[in-house]
Amino acid sequence: MKFLSRLLVLGLGSLSLASPVAEPAEVAELAPTLYLCGDSTMAKGNGVIDGWGQHISKYINIPVVNKAIGGRSSRSFTNEGRFTEVANLVKAGDVVVIEFGHNDVCTSGKTGEKVYTFVFYVIQAAKLFTAKGATVVLSSHTPNNLWITGSFQTGYDRFIGFQVTARDTLADPAVTFVDHYEAVVKGYKKLGNSGTNAFYPQDHKHTDAAGADFSAKAFAQAIQVKLNGTTSLFPHLKSGNPTVW
């Protein structure tokens with residue numbers, strides 16, 4: 001009897017020392033989330049055009065919050081407090097993609113506002129997120145229709161270099177770069193004239209849902225093959241994703 005009592009006491013002691021098991025809701029709260037900051041080429045569309053941010057969830061295994069807004073630049077996203085809004089949502093372990101360039105044209109001079117460079121705005125945004133313990137992927141913007149003339153035309157876009165400069169200036173392992181532009185270029189070159197032109201129902205910049213999905217696939221493939229090195233999104237890719245080049 002004394003032996004059984006001793007076993008019971010030891011068993012209860014072991015239970016009291018055991019680590020608590022997290023509830024499902026707690027596990028979900030701790031899971032990383034992907035936040036997207038960008039313009040109309042990333043944002044939810046209007047039924048005619050669509051952004052690739054609406055499709056990337058097919059190719060990664062963490063939740064996606066698409067905060068992209070049409071017509072925005074790195075500067076207006078800053079001035080409107082949208083980067084701050086996202087920073088207030090992120091937690092340690094989250095991933096934030098910053099992709100701008102299509103609308104980053106300076107129109108200052110009328111309000112007396114002091115205008116900074118693209119690199120400056122991106123760096124300040126990245127610092128907001130890394131201060132919260134999130135990682136940041138700086139992404140070059142998607143290309144325009146490279147087959148619009150019927151023959152393949154491409155060239156280096158300066159905003160690719162600007163994102164690289166921002167990454168190098170930060171020199172923070174929590175901030176990486178992916179050349180989404182080059183990834184889509186590779187895909188369009190393989191796809192050809194008719195297939196690429198079919199993605200553009202409205203103009204040379206905005207794709208339909210199929211084109212947005214293509215850009216999302218290209219983004220995921222660039223992460224998968226480590227086109228510009230390993231990013232913090234790599235561990236969150238789904239297995240067996242389709243490729244476009």
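Every read-out reported here was derived from the displayed coordinates using simple, explicitly stated rules and does not represent laboratory data. The structure presented is a predicted model; accordingly, all values stated were derived computationally and were not measured. Note: ideal-geometry Cβ built from the backbone for every residue, glycine included; neighbour counts use all protein chains shown.
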Quiz item: Assigning unit charges at the beta carbon (Lys, Arg +1; Asp, Glu -1) and nothing else, what dipole magnitude in debye, to the nearest 20, does the range 21-236 show about its Cα centre?
Solution: 360
Self-check item: Within the range 90-162: Cβ-based charge dipole about Cα centre, in debye rounded to nearest 20 (Lys, Arg +1; Asp, Glu -1)
Solution: 240
Quiz item: Given H placed 1.01 Å from N in the peptide plane, which residues other than close sequence neighbours of Phe177 have an amide H under 5 Å from its amide H?
Solution: Leu138
Quiz prompt | the chain: most fluctuating residue of Asp179, Asp50, Asp168 per GNM, C-alpha cutoff 10 Å | solution = Asp168
Exercise. On a 0 to 90° scale, report how tilted helix 2-17 is relative to the longest principal axis of the chain, with both axes built from alpha carbons and the result rounded to the nearest 10.
Key: 20
Quiz item: Which of Val48, Ala216, Leu237 sits farthest toward the positive end of the charge dipole of the chain, with +1 on the Cβ of Lys and Arg and -1 on the Cβ of Asp and Glu?
Solution: Leu237
Self-check item: Förster radius 35 Å - calculated FRET efficiency between Asn79 and Asp168, Cβ distance, rounded to 0.05
Solution: 0.90
Quiz item: Just the Cα atoms of the range 21-236, one point each, no solvent: what log10 I(q)/I(0) does Debye give at q = 0.09, 0.13 Å⁻¹?
Solution: -0.34, -0.71
Quiz item: Which FRET efficiency, nearest 0.05, do His204 and Leu89 yield, Cβ-Cβ r, R0 45 Å?
Solution: 0.85
Quiz item: What is the helix-to-structure angle for 180-191, meaning the angle in degrees between its Cα long axis and the longest Cα principal axis of the chain, kept from 0 to 90 and rounded to the nearest 10?
Solution: 70
Practice problem: Using DSSP, restrict attention to beta bridges with both residues in the chain and report what percent are antiparallel, rounded to the nearest 5. | Solution: 5
Exercise. Exposed loop trypsin sites (Lys or Arg not before Pro) only (DSSP loop, at most 10 other Cβ atoms within 10 Å): please give the longest stretch of the chain free of them, not including the sites.
Key: 115-245
Exercise. Would you grab the residues whose amide H sits under 5 Å from the one on Tyr35? Only those 5+ places off in sequence or on another chain, please, with H modelled 1.01 Å from N.
Key: Val65, Val95, Val96, Val97
Practice problem: Determine the sum of side-chain charges near Gly161: Lys and Arg each +1, Asp and Glu each -1, restricted to other residues whose C-beta is under 14 angstrom from that of Gly161. | Solution: -3
Quiz prompt | Karplus-derived HN-Hα couplings along the range 227-233 (A = 6.51, B = -1.76, C = 1.60, θ = phi - 60°), whole Hz, x at Gly and Pro | solution = 3, 10, x, 7, 10, 6, 7
